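Working notes for the structure below.
The values are calculated or read from the model by the stated rules, or taken from the named source; none is laboratory data. Here the structure is a predicted model, which means the values were calculated and not measured. When we count neighbours, we look across all protein chains shown, and the Cβ atoms used for this are built from the backbone with ideal geometry, even at glycine. Surface areas here come from the heavy atoms of the whole protein model, side chains and all, with no ligands, DNA or RNA. Shrake-Rupley method; radii C 1.70, N 1.55, O 1.52, S 1.80 Å.
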Amino acid sequence: MHSVETFRDLQGEAAEWRRYLHQNPELGYGVHNTASFVAEKLASFGINHIETAIAETGIVAIIQGEGGDGPTIGLRADMDALPILEASSKPWSSQIPGKMHACGHDGHTAMLLGAAKYLAKTRNFKGSVALIFQPAEEDGLGGQRMVQEGIMERFEISQVFGMHNSPGLDVGKFAICDGPTAAALDEFDIIVKGRGGHAASPHRTIDPIVIAAQIVLGLQTLISRGTDPLDSLVISVTKLEAGTAYNIIPEYVNISGTVRSFASELREYAERQIRKCAEGIAQGYGAEIEFKHRRLEPCMVNHTEATNVAIKAACGLVGSESVNDRLRPSMGGEDFAYMLEARPGSYIELGNGPTAALHNPAYDFNDEALPYGIGYWVNLVDTTLAARD
Ligand SMILES: [Zn+2]
Ligand SMILES: [Zn+2]
């Protein structure tokens, strides 16, 4: 187990990689240049088992330890950026207008590369490390697709670990919790079908705008009146589209939104009651609705044993006073959930200091956090694959 000082030497180089990736952001599955950059770096570290084009642009690379036979553990980084116009005013700002690394996946990729360089050189562990670089985290599908394409079986991965930077948490600190960590994520669409007509003769129409307004308000009470106050559930209407002119009552209104939950009963409750509430209100006014509901990411659940290992690795790096093992779970979704459904493992947050929030145009990954992230990965390998037990 190493303290963070071991990894300070890697910070300069990792920051160069990170800033290059920051200047050249790519979205979703289209992370072609990023993936080539990653594959080239991995090869330059002397790693010769590199498989590319998994889930279009994902990569899995294997580093074999020199400490004998043992299991394979997976370390995962995400590579994709966001469709946001950057306003960080950093010298290494995005060179592609309308795309930026506003979630720090440039930093995540650079940290896993830093760990790869260190581990490929030392190889002081038994078994193998599978470095997983995934596309399309923000779409919530890249992780699922890598699992569907069989990476866990193909590379015999027995445990898998993830990490995300956290603005507001001091650099050099970690936060983690056992059990549910990020919420399940669903989306819904409600089309309210009324009858259009002249705005001056509302009595000849069925005004879907008034009905949609009632539905939006109706949804607000599903949680406050229908669920236990101690449970967690979010229903947010995030899109409302209607109308074309001042003097026309439209035929349709589209309502869209998101649901976040931990417990499966609440997930089912929300799906059922959103439909009932919208149908009931629409019927009362003579309108109809069309309802669509999609289940996206599952709830992300950290496994107890792997979480204890992660805590040990982080404490070894920075001391137990810098590791919060009672992180409050987030209602945000995270597609690492699919990997944790497939294999036991754990997901940790890494302090990014007082930067702008994730997905904000002024956000930038904090390069001071790089040696901490690199050191965490290496300590995790030391803990799970110790060459001498
Ligand atoms: Zn994000
Ligand atoms: Zn992210």
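Can you tell me which residue is farthest from Asn254 (Cα to Cα) among those in the range 187-202 that are touching a Gly at 6+ places or on another chain (Cβ under 9 Å) and open to solvent by less than 10 Å² (accessible area, probe 1.4 Å)? Filtering the range 187-202 for residues that are touching a Gly at 6+ places or on another chain (Cβ under 9 Å) and open to solvent by less than 10 Å² (accessible area, probe 1.4 Å), the one farthest from Asn254 (Cα to Cα) comes out as Phe188.
Here the condition is being touching a strand residue (DSSP E or B) at 6+ places or on another chain (Cβ under 8 Å), open to solvent by 10 Å² or more (accessible area, probe 1.4 Å) and either not in a loop (DSSP other than H, G, I, E, B) or not aliphatic (A, V, I, L, M) (or both); of Arg145, Arg76, it holds for Arg145 alone.
Here Thr244, Thr221, Thr238, Thr205 are screened, and the one residue that is over 29 Å from Met300 (Cβ atoms), open to solvent by 40 Å² or more (accessible area, probe 1.4 Å), among the hydroxyl-bearing types (Ser, Thr, Tyr) and out of contact with any Phe, Trp or Tyr (no Cβ under 7 Å at 6 or more places or on another chain) is Thr244. Looking only at residues that are crowded, with 17+ Cβ neighbours inside 10 Å and of a type outside the set (Ser, Thr, Tyr) in the range 319-330, which one is farthest from Ala15 (Cα to Cα)? Checking each candidate, the answer is Pro329.
Pairs linking a residue in the range 120-140 that is assigned to a loop (DSSP other than H, G, I, E, B) to a residue that is within 13 Å of ligand 2 (Cβ to nearest atom) and of a type in the set (A, V, I, L, M, F, W, C), with Cβ atoms under 7 Å and 6 or more positions apart or on different chains, are Pro135/Met79; Glu138/Leu82; Glu138/Cys103. Condition first: open to solvent by less than 10 Å² (accessible area, probe 1.4 Å), farther than 17 Å from Leu380 by Cβ, touching a residue at least 12 places away in the same chain (Cβ under 8 Å) and touching a helix residue (DSSP H, G or I) at 6+ places or on another chain (Cβ under 6 Å). Can you find one or more residues in the range 174-182 that meet it? No; the residues of the range 174-182 include none that is open to solvent by less than 10 Å² (accessible area, probe 1.4 Å), farther than 17 Å from Leu380 by Cβ, touching a residue at least 12 places away in the same chain (Cβ under 8 Å) and touching a helix residue (DSSP H, G or I) at 6+ places or on another chain (Cβ under 6 Å). Condition check: among the small types (Gly, Ala, Ser) and buried (at least 18 other Cβ atoms within 10 Å of the Cβ). Does Ala43 satisfy that? Considered against the rule, which asks whether it is among the small types (Gly, Ala, Ser) and buried (at least 18 other Cβ atoms within 10 Å of the Cβ), Ala43 comes out as no. Is there a residue being farther than 26 Å from Val4 by Cβ, within 16 Å of ligand 2 (Cβ to nearest atom) and either touching a Lys or Arg at 6+ places or on another chain (Cβ under 6 Å) or polar (S, T, N, Q) (or both) anywhere in the range 328-338? Yes, there is a match, as at least one residue in the range 328-338 is farther than 26 Å from Val4 by Cβ, within 16 Å of ligand 2 (Cβ to nearest atom) and either touching a Lys or Arg at 6+ places or on another chain (Cβ under 6 Å) or polar (S, T, N, Q) (or both). Of all the listed residues (Ile84, Ile62), the sole one being within 16 Å of ligand 2 (Cβ to nearest atom) and surrounded by fewer than 20 Cβ atoms within 10 Å (Cβ to Cβ) is Ile84.
Looking across the range 279-309, the residues that are more than 23 Å from the chain's Cα centre (by Cα) and under 25 Å from Gly332 (Cβ atoms) come down to Phe291, Lys292. Residue count for the range 70-104 under the criterion of being within 11 Å of ligand 1 (Cβ to nearest atom) and out of contact with any helix residue (DSSP H, G or I) (no Cβ under 8 Å at 6 or more places or on another chain): the result is 5.
Looking at the structure I just gave you, is Ala369 touching a residue at least 40 places away in the same chain (Cβ under 8 Å) and surrounded by 24 or more Cβ atoms within 10 Å (Cβ to Cβ)? In short, yes. Listed conditions (1) modelled with pLDDT of 95 or more; (2) surrounded by 24 or more Cβ atoms within 10 Å (Cβ to Cβ); (3) within 16 Å of ligand 1 (Cβ to nearest atom); (4) not aliphatic (A, V, I, L, M) are all met by Ser346, apart from (3). Considering Leu119, Leu131, the condition of being under 19 Å from the mean Cα position of the chain (by Cα) and either of a type in the set (Lys, Arg) or open to solvent by less than 10 Å² (accessible area, probe 1.4 Å) (or both) is satisfied by Leu131 alone.
Of the residues making up the range 99-116, at least one is touching a residue at least 12 places away in the same chain (Cβ under 8 Å), within 16 Å of ligand 2 (Cβ to nearest atom), open to solvent by 10 Å² or more (accessible area, probe 1.4 Å) and over 22 Å from Glu297 (Cβ atoms).
Any idea which residue in the range 282-313 is farthest from Arg145 (Cα to Cα), counting only those that are β-branched (Val, Ile, Thr) and open to solvent by 40 Å² or more (accessible area, probe 1.4 Å)?
Quick first cut of the range 282-313, residues β-branched (Val, Ile, Thr) only: 289, 301, 304, 307, 309, 311.
Within this subset, residues satisfying the condition of being open to solvent by 40 Å² or more (accessible area, probe 1.4 Å) are 301, 304.
Numbers: Val301: 19, Thr304: 25 Å.
Within the range 282-313, the match that is farthest from Arg145 (Cα to Cα) is Thr304.
Against the definition (buried (at least 16 other Cβ atoms within 10 Å of the Cβ) and within 14 Å of the chain's Cα centre (by Cα)), how does Glu271 come out, yes or no? The answer is no for Glu271.
When only residues in the range 158-175 that are in a strand (DSSP E or B) and of a type outside the set (S, T, N, Q) count, which is nearest to ligand 2 (Cβ to nearest atom)? It would help to see each step written out before you state the result.
Quick first cut of the range 158-175, residues in a strand (DSSP E or B) only: 158-166, 174-175.
In the following step, the residues that additionally are of a type outside the set (S, T, N, Q) were identified as 160-164, 174-175.
Details: Val160: 17, Phe161: 15, Gly162: 10, Met163: 10, His164: 6, Phe174: 16, Ala175: 15 Å.
Applying the filter and picking the extreme gives His164.
So in the range 17-40, with the set limited to residues that are open to solvent by 40 Å² or more (accessible area, probe 1.4 Å) and in a helix (DSSP H, G or I), which one is farthest from Glu86 (Cα to Cα)? That would be Glu40.
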